[in-house]
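Visitor: Take a look at this one; I'll ask things after.
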Amino acid sequence: KQIAFSAIQPSGTITLGNYLGAIRNWVTMQNEYNCIYALADLHTITVRQEPAQMRKNILDAYASILACGIDTEKSLFFIQSHVHTHAEMAWVLDCYTQFGELSRMTQFKDKSAKHADNINAGLFTYPSLMAGDILLYQADKVPVGADQQQHIEITRDIATRFNGLYGNVFKIPEGFIPKNGARVMSLQDPTKKMSKSDENVNGCVHLLDSPEAIMRKFKRAITDSEAHVHYGEGKDGINNLMGIYSTITGLSFEQIEHDFEGKGYGDFKTAVGEAVVEELRPIRERYESYIKDKAYLEECYRKADEIALKISSRTMNKVMKKIGFIL
Ligand code: ATP
Ligand code: MG
């Protein structure tokens, strides 16, 4: 079996974008791949976190992702900071990553504009930590949303460069980006991607939102003045709602246009909201029971942490030896 690796930051409540762009594929890939997933808590401190809130976010995110359908019997789901090889590999790869290529990363540009008071070195070298996450497990496929395409590319570049110097150490991974749902946009500003760390809560549907909150957010979603449900230029809001609806229901855009012929945006927004409510309902219910059982959550991640350390240490040791360290 091929290996799939992916991770998500516990930087806030998991969103519908994270779910449709990535986590849904994490779940379906479990049957076909050896799946290794991580909660990328080391990545979150590139932005300032409040300690008590961070602890809560980590457990909440862990429980939410299990609730999406990650099966700990089939897949590894560990906590990045518990597996020390990740920080070690990040340092090594920092030394094989160029300033120039990091400077071209759009995520760095976006996030440093947003957090202008804290443009720290970690924010800048985020891609080499992420490259290490993936390369440690010799992953074949990396299921992520479209916004991570550039980080997958730099991971491949770093790995290829390293292999060029030292022989075949790393498997060169490929992104696994879904055709549908890869870029869910904010409901309040459909030119911007939906993000967990977004301050505008109305733009963002969270996995654990109540049905009422979800319906309210969809009803308030920004659209346009045309009042005709079809996909087109200048219709970012409607295009986004159609994308969400299509991803969840499996209906094609043509089918959706046909079904909503002659109907207004109000009806369409209600239909999209209801589809999302039903998709997320069982996830929220499972989350409610997981989050009450901290001992079970701990058992799950401790077991996975240990196995992840074993697997990743093989690559880490090989890398250290190749470079010239004495082990
Ligand atoms: P942050 O704002 O803190 O970066 P985020 O919502 O971007 O949070 P990440 O943890 O950075 O979440 O990304 C987790 C996964 O979710 C990645 O695979 C990413 O590509 C995917 N993802 C993030 N936002 C979206 C989105 N709007 N649509 C589809 N996929 C997304
Ligand atoms: Mg992100």
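Every number here is computed from the coordinates shown, using simple stated rules; none is lab data. Nothing here was measured: the structure is a model prediction, and the numbers come from that model. Heads up, the Cβs are rebuilt from the backbone with ideal geometry, glycines too, and the neighbour counts pull from every protein chain shown.
Visitor: Write down the percent of antiparallel bridges among all DSSP beta bridges whose residues are both part of the chain, to the nearest 5.
Guide: About 10 percent, rounded to the nearest 5.
Visitor: Cα-based Rg of segment 283-327 per 2.2 N^0.38 Å, rounded to two decimals?
Guide: So segment 283-327 has a normalised radius of gyration of 1.87.
Visitor: Also: Among all stretches of the chain without exposed chymotrypsin sites (Phe, Trp or Tyr not before Pro) (DSSP loop, at most 15 other Cβ atoms within 10 Å), which one is longest?
Guide: On the way: sites that count: Tyr231, Phe325.
Maximal segment without exposed cleavage sites: 1-230.
Visitor: Which number comes out as Rg/Rh for segment 223-327 once both Rg and the Kirkwood Rh are worked out on C-alpha atoms? Can you show the working numbers first?
Guide: Working: Rg = 24.0 Å, Rh = 18.2 Å.
Expressed as Rg/Rh, it is 1.32.
Visitor: Between Gln150 and Met54, what is the label-point separation in nm under the 7 Å Cα-to-beta-carbon projection?
Guide: Simple spin-label model gives 2.5 nm for this pair.
Visitor: Moving on. Express in % the proportion of alpha carbon pairs of segment 83-211 at distances exceeding 23 Å.
Guide: That tail contains 41 percent of the Cα-Cα pairs.
Visitor: Relative to 2.2 N^0.38 Å, what does the C-alpha radius of gyration of the chain come to as a ratio? Two decimals please.
Guide: The chain yields a ratio of 1.03.
Visitor: Mind checking segment 164-259 for trypsin sites (Lys or Arg not before Pro) that DSSP puts in a loop (not H, G, I, E or B) and that have at most 14 other Cβ atoms within 10 Å?
Guide: Taking segment 164-259 and a limit of 14 other Cβ atoms within 10 Å, the loop trypsin sites (Lys or Arg not before Pro) found are Lys179, Lys192, Arg220.
Visitor: Apply the membrane-span-like helix rule to the chain: whole DSSP H runs, Cα extent along the own long axis of at least 30 Å, mean Kyte-Doolittle hydropathy at least -1.0. List the helices found.
Guide: Helices passing the filter in the chain: 265-292, 294-323.
Visitor: Starting from segment 63-127, pick out the GluC sites (Glu not before Pro) whose DSSP state is loop and whose Cβ has at most 11 other Cβ atoms within 10 Å.
Guide: Glu73
Visitor: Placing +1 on the Cβ of each Lys and Arg and -1 on the Cβ of each Asp and Glu in the chain, which of Gly122, Ile58, Ser246 has its Cα farthest towards the positive end of the resulting dipole?
Guide: Gly122
Visitor: Here is a further query. Grab the beta carbon distance between Thr160 and Ser225, set R0 = 41 Å, and tell me the FRET efficiency rounded to 0.05. It would help to have the intermediate numbers written out before the result.
Guide: Numbers: r = 49 Å, r/R0 = 1.20.
Between Thr160 and Ser225 the formula returns 0.25.
Visitor: Would you mind checking which residues have amide H under 5 Å from Gly175's amide H? H placed 1.01 Å from N; only 5 or more apart, or other chain.
Guide: Placed amide hydrogens put Val142 under 5 Å from Gly175.
Visitor: Just flag the trypsin sites (Lys or Arg not before Pro) in segment 244-321 sitting in loop per DSSP whose Cβ has no more than 14 other Cβ atoms within 10 Å.
Guide: Those that pass, being in a loop and sparsely packed, are Lys263.
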